[in-house]
1. Can you figure out the FRET efficiency of residue A:726 with residue A:679, using R₀ = 45 Å and their beta-carbon distance, to the nearest 0.05?
2. Please compute the length gained on full extension between residue A:836 and residue A:207, using 0.36 nm multiplied by the number of residues separating them and subtracting their Cα-Cα distance.
3. Note the direction-averaged projected area, equal to a quarter of the hull surface, for the Cα convex hull of segment A:891-960, in nm².
4. For each pair in A:466/B:102; A:378/A:466; A:475/A:559; A:378/B:10; A:425/B:27, compute the distance between the two Cα atoms and list the pairs where it is over 26 Å.
5. Using a 10 Å cut-off on Cβ to Cβ distances, tally the other chain neighbours for every residue of A:488-500 and report the average as a whole number.
6. Taking loop as defined by DSSP and a crowding limit of 11 other beta carbons within 10 Å, which trypsin sites (Lys or Arg not before Pro) in segment B:73-139 fit?
7. Of A:513/B:125; A:513/A:721; A:439/A:490; A:1020/A:1040; A:39/A:87, which sit over 31 Å apart, Cα to Cα?
8. Want the number for residue A:871 to residue A:587: 0.36 nm per residue separation, take away the alpha-carbon distance, what's left?
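The values are calculated or read from the model by the stated rules, or taken from the named source; none is laboratory data. Note that the coordinates shown come from a computational prediction; the quantities given were computed from them, not determined experimentally. No Cβ is skipped: glycine too gets one built from the backbone with ideal geometry, and neighbour counts run over all protein chains shown. Only protein heavy atoms, including side chains, enter the accessible area calculation; ligands, DNA and RNA are left aside. Shrake-Rupley method; radii C 1.70, N 1.55, O 1.52, S 1.80 Å.
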Amino acid sequence: MLNMCAGDQSLFTSLYTSLAQQLPREPMEWRRTYGRAPKMIHLEANFVQFKEELLPKEGNKALLTFPFLHIYWTDCCDTETYKSSVKEDMMRWQNTLRSHSSADWVIIVVETNDTKKNKKTNILPRSSIVDKIRSDFCNKQNDRCVVLSDPLKDSSRSLDSWNALLLKLRTLLLMSFTKNLGRFEDDMRTLREKRTQPGWSFCEYFMVQEELAFVFEMLQQFEDALVQYDELDALFTQYVLNFGAGDTANWLGSFCAPVRNWSGLLLRRPIDMEKRDSIQRGEASLLDLRSYLFSRQCTLLIFLQRPWEVTQRALELLHNCVQELRLLEVSVIDGALDCWVFLSCLEVLHRIEGCCDQAQLAANCSHTVGLWAYATDKLKSLGELCGLVSKNGPTSEDLNRTVDLLAGLGDERPETINSLQSPYKKLKEALSSVEAFEKHYLELSHAAMEMYQAIGRLRSARLVGKSLAEFYMAKGDPERAETFLQEALKSYVSEGWSLPVTHTRRQIAECQKLLGRTEDYLQTSALLAGDGNLSTEERKHFCQEILSFAGKSENHSHKVTLSMNVFAQLTRLQFHPATASVHSGAVLQVELTLRCLMPVSVRIQQLAASIHFDIDHGGTHGRSKGTLRRTNRGTVEFKQGNSSAGPASSAAAGPTLEMDEIQDRSPSDNSLASVGVVCKNTHLVMRRRENGSPPETPNCVSPPTVAMKEGGQMLKVQDVKLEPGNNSITFTAPPGTYTLRQLCATVGEVQFVLSHIYPSVRYEVYSQEPQLTPLLAGMPQLVKFTLLTGHYTVKKGDALQLSNTETMPILPSSSCTLVGESVLSIQSSEKVTSISLPPTPPYHALEFQLEVLCLIPSGSFLEYGFCPQMSIDCPWSIYSTLLALTFYIPFKTKHSLLSSGNRKYIQVCVQNVSDMSFTLADVKLTEKQHESLELQSFNTKTNQLLCSKHSVFCLWEARWKDDLPVTTLYSVKAEIFPPAGEPHCRSGLVCGLEVSITRLIEPSDGEMAEDSKTDTDGLKTTKLMYEVADSSSNWAVCGKSSGMVVMPLKANATHKLQIEVMPLFAGHLPFPKIKVLKYLPHNAAAAIQPDPDSCVENDSLSLLDKTLDDQGDTASIRSRGSIHSVGSSDQQQRGVAMPRLEAFSQGQVFNNSHSQQVLVLPTADDHIMEVNAT
Amino acid sequence: MAVCIAVIAKENYPLYIRSVPSQNELKFHYTVHTSLDVVEEKVSAVGKSLADQRELYLGLLYPTEDYKVYGYVTNSKVKFVIVVDSSNTSLRDNEIRSMFRKLHNSFTDVMCNPFYNPGDPILSKAFNGIVSGMMVQTS
C-alpha cells in the first residue's frame, strides 16, 4: 500500500528500512463491508516522498497507486524551529491534502536524546512540541500525532514506542484502505451498472475490476482476487450468450474480429502484460481475452494450491472458447482452433507438471487425462487436415494449409525458446512430416490410453484405441488396427451395445479382408450380413462376399467352417408324429425351422444333422419311459437372442429346468425302491449369473469356434434354398434311438456348423418285438393278443395270419372276442388261421382273445416246458413275425412202489408247479402194453383239488394176474425183549433183539440157477448178509452187528438171530434198522443180471405223464443205485472175482417191524427225566 | 433440448437409447457408452459418503467440445444419460435435474407395467413420448 511521507526526509530515510520490515510483521483484523467475514491480513506498505503531483486526481480509479496514508515526519524539538518553519510546512502539507480531500494522515514526532541537541538551553519539555502540534493540527484527533522515542536505540522505551507507532500506523492504514477500497468498489459497481449504456466498454471495466484483483492479490487474498476474475469471466460469457440470443453489445465487435493468432495459452508469466495491454487498448481478440483471463486464474489457483482445478477449468475453457467462437461467428481458418486447443492443452499440462511432483501427477491423472485425450483428438484432426494421416503423404494443398496454420502460431515465446519439449515445438514438429506426426500422435494416444486404463476408465481407453485403429487403417496397417478394434469389440459385445458392435465389426471386416484372413473375414462377413443395423445393401454385400467365396472352386484342403448362429438360427424342431418315437416301418420326420439371417436367399448344397446313437436305449427294445420326458407334443422351441423383446427376456431369466424321472430298483428282486424327479441341468440352472452379462441382443454375440465332428450318422437333405426368414426343412429319421447333436449347412466351400443342439433332442425309431407271457401246456387257454397299431391305420379287411403248428392248434371256438367288443371273424385252414381285424386308427391298442391249446408233445421228456414256434403275418409288414411261445408244463409226477408183506402198491405223487389250482378228476392208472396188472384204486374221492405248489398222492394196489415180476422173497421181523425180570426195557440195560428172517416163497428158476448152493441136505441154500445198524444212535449194538445167514431156498424157512442191543435213551424208541443183503460168493458170475426192478419201473408201469424223477429219492432208485460192497469198490469187483454183497430189489424184502417202536423206561435210580424228542 | 437420451441397465447394456435423427446416431452410442466410465466412477465415489446416497443426480459427467453429458442413477443402478448440445446454454442444472426426474417417473411407470419384463429394451409408447418431449423442445 502506498504511503506518502512528507517532512524531514532524512529522518524518514533513516527509519525506512525498519519500518518497512516491521509493518507487515503483525497481522491485523480486517473488518469488511457488506457482511463479508473479517480476515487477518498482513499489511505491506511502500513509502514514497510526498509530491503534490502524485496525489490522485478526482475520479482516478487506480487503487494500486493510491496513497492510503500521508505521514509527516519531524524530529523538531525546539519551539522556535517549530514555530518558524515546521508548523508552516505542516500547514502547507495539510492544505494540500485537504484540497485533495484526503483525510488519512498522521504526524510522527521522533524524539531523540541526542546529547548534541540536549545541550541547547531553550529546550522545552518534549511534550510541549507534541502538545503544540496536537493543538495546532489534531483538533479532536489526538491519535493523529504519534511520538516515536529513540528509534535507533535498543532500549525497552524505544521498543515500546516502536510498537505503539506500528500499531497506530497499521490501524490508520487499514482504516484508510477499507474506506478507499469501499469507495473503489462502489465506483466499480456503479460502472458495472452502466453496462447497458451505449459506449460502455468491457475492456475498461475489465481494467477496473482487475485493479481490485491486483489489490487482493497483493494482500495475499487470492481467493478474493480469483473471485474478481471469475466475475469478469462470467460477465463476458453472459455477453457472448446474449449475443447469441440476439442482444448485441457494441464493444463485442472487437472480439468478433477474425482470429489471426492461435498461439495458445501462456501460463508461464504471472501477468501477461502483452495481452493485458491489448485488452486495455481494446484490441484483444476473444482468444486473447480468454487466454489472459485464464492465465490469471491459473496463477491464482496455483497460489491457492489447487492445480487440479486448473485442468478442469482449462478443459471447460477450451470447449467454451470453441463454442463461443462458433456462436460469435468469428471467422477462423480450418485447423486454427485445433492448433490453439492443442497448444493450450499441452501448455496447461506443462504448467501443472511444473508445480507438482511425479507421484502427485500419477495420483491425479483423472484430472489431466481429459486434456491428454483432447490434445490427442485435436492432433489427429490436424493430421487429417494436413494430409499427414494418409498412405500417400500430404498434397500441395495440404502443405499450403500447414503453412497457413504454422503462420498463425507466430514466433515462439521467449519463455519456452530454450525448452526442448515446448508445445510450440511439438506442434511445429508434428506438422512438419508424416513420420514426426505419427510419433507425436502415437505418443499422445498411448499416454491417454494408459492414463484411462490406470484410472479404470476402460471404455474411454478403448475409444481412444478405436481412434488409434482408424489411424492405423488410414496408414495402411490393418494388423495393428485390428488388435485395437477387437479389444473394443469385445467390450461392446460383452455389454450389449449393438450399434457400436456393428460399426466396429465392419471396420474389423475391412482389416481382415486386407490381411487376407479368409476364415475370420468370412465369419465377420456372416455376422454383418445378418446384422439388422446395417442397410440391406451392405448386408447383401457381405452376404455376397461369402457366397462368392463359396462359389470359388479352389482346392481347399478343408472347407471353411463357420458358426451357424450368425447365418441361420434353429428356432424350432418338430417331430412328426409328435411322440418322436415310431415303429421302424413308419416314417419319423424331423422338421427343423431355421431362421435364415441372410438378406438374400441362399442355396445350400447340403444340410446335415449329425445324430448320435444312444446305446443305453437299445433302439430295438421298444420305448423306455425315460426318453419320453418331453411332453410338449414333439415340438422343441430353441430360445435364441431374438430381435423382439419377448423371448429374449426369458433367455435372460435363465435356462429352463429339465426334469427327469428316476426310478431306483433294488438289485435283488427288481422291486421299486424309490421314485423321484431329478433336474438334469442343475449346473446351468444353479449357475450364478454373472453381473454385467446383458441379454443377448441380436448382433452382440461373439461366434464360438465350431468344429464339425466327423464320422457318425447324419440326417441329410440335399440342395435346399434358404429364404430370408423362417425356413422349414424336413429330415427322415433312420431307425434307432438317436440324439441330435450338430447341424451343418454346406454352401460350396463354406460350412456353417451349429455345434450343439440344445436342449438336446432325442427321437426313437424302434421296432417293437412282441412281448409274451408264458402259457401252460396241455390245456386250452385264452390268449390275449394286444395289438398296438403304431403308425399304421388298420383298414377294413386287414387280417392277421397265424401259422398253425401241429402242437398248438387254435381252437375253433367262438371265444375269439375283441375285448369289450364284438366277435372277430376267424377263418381257419389247415395251415393258417386268419383273424380279420376291425378298422383301427394309428397309435391305438387292439385287444382280442383267442383260445389255444398246446399239446404236450409225447415221447420227449421236458423239464419245464417248450417253445413251439409260430409266425404271424400282418398286412403292414412284409416280414413275418416269428414268435417263440413258451409253454410250461403244469405238473410234475413221481411214483414209487410200496410193499406190505406180499402185497404191492403203487403210489403216484402229482405236484402242481403252476400258479393255478386244478381239480384232479377220475384219477386212473393204466398199464400201457400188456394187461398183466390188476390195479385197485385206493383213491376214494373222484374230484380232488390240487392247489398251486401242492401235491396230491394217489395209491393203487397192484396184483399180477399170473406171475409177479416183483415178489417179496423174505420177510424180516424183529422183536425186542426186555432183560429178564423186567417188564420194560430200561435205558442202559442190555435187551435182546430177535430177528427172524423168513423165506416167503419157493425159489424161482432163475434164482436157483443163479447163486444157490446145494446143501448137504440136498436143499438149495442161499447166503444172506444181515446188518443191524442204528443210524440215530438210539441203540448200542453189543457184540456182532452183522453176520451171515444161510437160508434154505424153501418157502417158510425161517432163521432167527439173537442180538444184544442196549437202548441209550428212554422213551419210545424206533427199532434199529435191519438190513438184509444178498451175499454173492466169489465164484459167482461177474455179469449182473438185468435188474428186474428197472424192468418193472420202466416198462410195466404206465403213469399219466410218463415222466420220472431221476433225482427223486424213491426207494427203488436207491436200491438200484446203491450197490454195497464191503471194503471194495467197483474196480475190484471187476478185476478180481471177490465175494460181494448185493442189495435186494425194491419189494423183495419186507420188513415187518419197520417203523415199530419200543418203550424204554429210564434207569430206575435215575431221578432226572431225560426227554428225547426224535 | 436434449440431443440424446439413454437408459442403461444395471449391467451396462442399453435399455433405451434415442438421439435426434439429424445427427449421427452412432456417435451418441459411443458417447453414452464412454460416459459409463464416469458414471461408475461417480457412483463408487458416492457410495463412500453416506450423506450423498440420496442424491441420484450425478451432474455433468463430462463435457466435450460439442456436447455435455449428464448422468443420473436410480437406486436400482439403472442409469439415465442425457446429452445436450454444448451450444445450448439455456439449460441450467435445474432444468437438467427436472428432466431426469421426469424421465425417472416415466421409467417407473414402465417398470410398473406388469407386461414389461425388467431387463428388456423399453418399447413403451408413453416413455417414448416423454423422451420425445424432451428432445423436441429445441431452443
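1. 0.90
2. Length difference between fully extended and current span is 214.4 nm.
3. Details: hull surface 19.8 nm².
Average of the hull's projected areas for segment A:891-960 equals 4.9 nm².
4. From the list (A:466/B:102; A:378/A:466; A:475/A:559; A:378/B:10; A:425/B:27), the Cα-Cα distance tops 26 Å for A:466/B:102; A:475/A:559; A:378/B:10; A:425/B:27.
5. Across A:488-500, the average partner-chain Cβ count within 10 Å equals 4.
6. On the way: sites: B:77, B:79, B:92, B:97, B:101, B:102, B:125; in loops: B:77, B:92.
Taking segment B:73-139 and a limit of 11 other Cβ atoms within 10 Å, the loop trypsin sites (Lys or Arg not before Pro) found are B:92.
7. In this structure, A:513/B:125; A:39/A:87 lie more than 31 Å apart at Cα.
8. On the way: separation 284, 0.36 × 284 = 102.24 nm, distance 2.50 nm.
Length gained between residue A:871 and residue A:587: 99.7 nm.
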